[in-house]
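Taking it in order: structure first as structure tokens, then the write-up.
The values are calculated or read from the model by the stated rules, or taken from the named source; none is laboratory data. Only a predicted model underlies this, so the values are computations on that prediction, with no experimental measurement involved. For neighbour counting, all protein chains shown are included, and Cβ atoms are generated from backbone atoms with ideal geometry for every residue, glycine included.
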Amino acid sequence: MHSSSPTSSLAKAHPDHPKLADLSTVNENSKDDSDPNSASMGQGGIAASPPPQTTTPLSISDTESALSSPEIPRRPGGLSDGPNARSKTVTVADGDDTFGVLNRHPAAPPPDLSQSKKEPSATPVDNGRMIFRVGVSEDRNKRCRRTMEDAHSFVYDFAAVKGQGYFAVFDGHAGKHAAEWCGQNFHEYLLDAILTHPDQPMPDLMNKTFHVVDSRLSKLAQAGKTSSGCTAVTAFLRIEENDDETRKGFVNPSLNARGLLEGKGEEELEAQTSLQQSTRRSSMGAGTSGQMGGASATGGSGSMSRKMSGRRIRDFVKSLTGGGKNDDEALEDESFVSAPDGTRVEAIEPRSEKGIKRVLYTANVGDARAVLCRGGKAVRLTYDHKGSDAQEAKRITDAGGFVMNNRVNGVLAVTRSLGDASMKEFVVGSPYTTETALDDQDEFLIVACDGLWDVTEDQDAVDLIRAIGDPQDASRRLLDHAITNYSTDNLSVMVVRFYHNQ
């Protein structure tokens with residue numbers, strides 16, 4: 001459930017928390033404010049300026065335990081025993097379509113669009129579709145941290161619908177396994193929820209996804225004798241029909257649900273998204289096995305024409321970013337990105353006689369944040385679940401726990417997370433959700449772990465990068481700012497810049 005009332009219980013309990021209504025037109029069709037874990041923003045259309053080519057550096061990974069052999073011991077869930085969380089290698093497609101591959105950018109824009117910085121009238125939209133570009137920067141922060149426990153993921157054309165996007169950062173603690181698993185698999189569960197319940201409200205589906213993922217992590221923790229957990233911030237840019245009553249999205253008819261919400265296909269998924277080179281396949285936006293979603297793709301024929309080798313992709317990205325990473329530090333793509341049956345699923349173009357709108361849904365547990373720049377003002381779309389929060393502390397004490405030194409049972413600083421099986425009675429996986437209809441004032445979204453927010457206020461972060469057009473440069477600017485200001489945590493910063501019709 002979501003709420004738009006400026007006098008919600010959350011607002012009363014936390015007067016310093018951003019009020020979305022202050023910066024937007026509230027959707028009058030929103031539900032009541034009975035759920036303190038959700039909020040909504042008003043709607044509109046989306047600033048015009050072209051997307052520059054985005055080149056994201058290769059992901060941080062285990063230098064101590066390179067994937068040189070398929071015989072490396074594995075924990076349940078396909079996770080490695082190395083100390084550092086691994087995100088899938090960031091790659092660049094050889095065309096405009098990414099086919100939903102996890103952490104893959106579309107190819108560079110045509111020359112005429114690449115010059116559009118000088119020509120604002122050149123609007124980078126295709127048949128009225130909004131375009132976004134993603135930039136990601138991460139750093140272990142070796143001055144303060146011996147290991148990297150963050151993971152991140154993004155998908156263009158998520159769920160095989162053009163213009164949709166998925167963005168997430170997972171900040172691990174007590175080990176890297178929960179964050180690493182989420183970076184590889186969380187989007188698959190969200191896709192499964194969308195395909196299984198296409199008519200349910202997205203905040204409900206995101207809530208359901210968090211709970212199912214939390215349950216799966218607890219099972220893996222029990223089997224693997226690990227008690228790691230992670231905070232999580234996820235965002236889903238959804239294309240919907242321009243009808244506030246139905247809030248109807250678009251579903252690609254070629255996709256089938258895998259059954260993850262019912263506990264089916266979990267081990268198969270984890271085998272396919274495993275970090276082993278011999279078995280891991282690219283995840284297609286959300287799908288795996290090189291296909292665009294779910295356990296299978298219906299219909300279609302022919303083989304994938306994209307046969308860009310992992311080394312060719314890696315070398316191309318390195319040439320753009322200046323390299324600097326050891327070959328063993330990244331999770332490489334296989335030689336071929338293809339479905340087991342050789343089929344591929346094309347993303348559909350969302351069309352409706354009623355017109356379309358873009359809605360940004362967010363969900364988080366813990367203190368990782370998503371901050372939207374709307375007309376130059378920072379709007380926080382997430383909620384910090386910390387032991388210092390009076391409302392969260394009361395919930396924990398009511399459940400029989402205690403908070404000491406702003407830590408749950410004197411141990412954990414966050415009060416909500418994914419994983420943390422040993423403290424699940426108190427540290428729950430119920431997310432705070434928001435629903436924001438984007439308009440032409442919305443310039444970019446920052447998705448980052450607390451390594452940034454511990455030393456940077458929301459508005460300061462927005463001001464630092466507002467004039468930076470390339471989201472990759474913007475994410476790097478924020479990361480450098482955090483390190484310069486003595487952040488003591490791992491750092492993962494994602495910037496999603498929106499480009500709109502004029």
ask   = For the range 468-486, which residues satisfy the criterion of being touching a Ser or Thr at 6+ places or on another chain (Cβ under 7 Å) and more than 13 Å from D454 (Cα to Cα)?
value = G469, D470, P471, Q472, S475, R476
request  = State all residues of the range 406-416 that are surrounded by 22 or more Cβ atoms within 10 Å (Cβ to Cβ) and either on the phi > 0 side of the Ramachandran plot or charged (D, E, K, R) (or both); if no residue qualifies, say none.
outcome  = R416
query = In the list Y383, Y361, which residue meets the criterion of being within 27 Å of L464 (Cβ to Cβ) and part of a loop (DSSP other than H, G, I, E, B)?
reply = Y383
task = Go through the range 148-162 and give me each residue that's more than 15 Å from the chain's Cα centre (by Cα) and more than 21 Å from S475 (Cα to Cα).
result = A160, V161, K162
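Restricting the search to the range 430-450, which residues are part of a loop (DSSP other than H, G, I, E, B) and at pLDDT 95 or above? First the steps, then the outcome.
The first filter runs over the range 430-450 and keeps only residues part of a loop (DSSP other than H, G, I, E, B), leaving 430-431, 438-441, 449.
Residue satisfying the conditions is P431 alone.
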query = Can you name every residue in the range 418-474 that is buried (at least 20 other Cβ atoms within 10 Å of the Cβ) and among the hydroxyl-bearing types (S, T, Y)?
reply = Y432, T433, T434, T436, T456
note = When every residue in the range 402-458 that is acidic (D, E) and touching an Asp or Glu at 6+ places or on another chain (Cβ under 8 Å) is compared, the one nearest to I356 (Cα to Cα) is D450
key: Odd one out for P198 among (1) in a loop (DSSP other than H, G, I, E, B); (2) modelled with pLDDT under 90; (3) surrounded by fewer than 22 Cβ atoms within 10 Å (Cβ to Cβ); (4) not acidic (D, E)   = (2)
query = Yes or no: F167 modelled with pLDDT of 95 or more and in a helix (DSSP H, G or I)?
reply = no
task = May I ask you to verify whether D463 is over 30 Å from G400 (Cα atoms), in a loop (DSSP other than H, G, I, E, B) and among the acidic types (D, E)?
result = no
query = In the set D139, D157, which member is of a type outside the set (A, V, I, L, M, F, W, C) and crowded, with 24+ Cβ neighbours inside 10 Å?
reply = D157
query = Considering only the range 174-200, how many residues are farther than 20 Å from K88 by Cα and over 19 Å from the mean Cα position of the chain (by Cα)?
reply = 6
Of residues in the range 222-247 being at pLDDT below 85 and of a type in the set (V, I, T), the one nearest to A437 (Cα to Cα) = T246
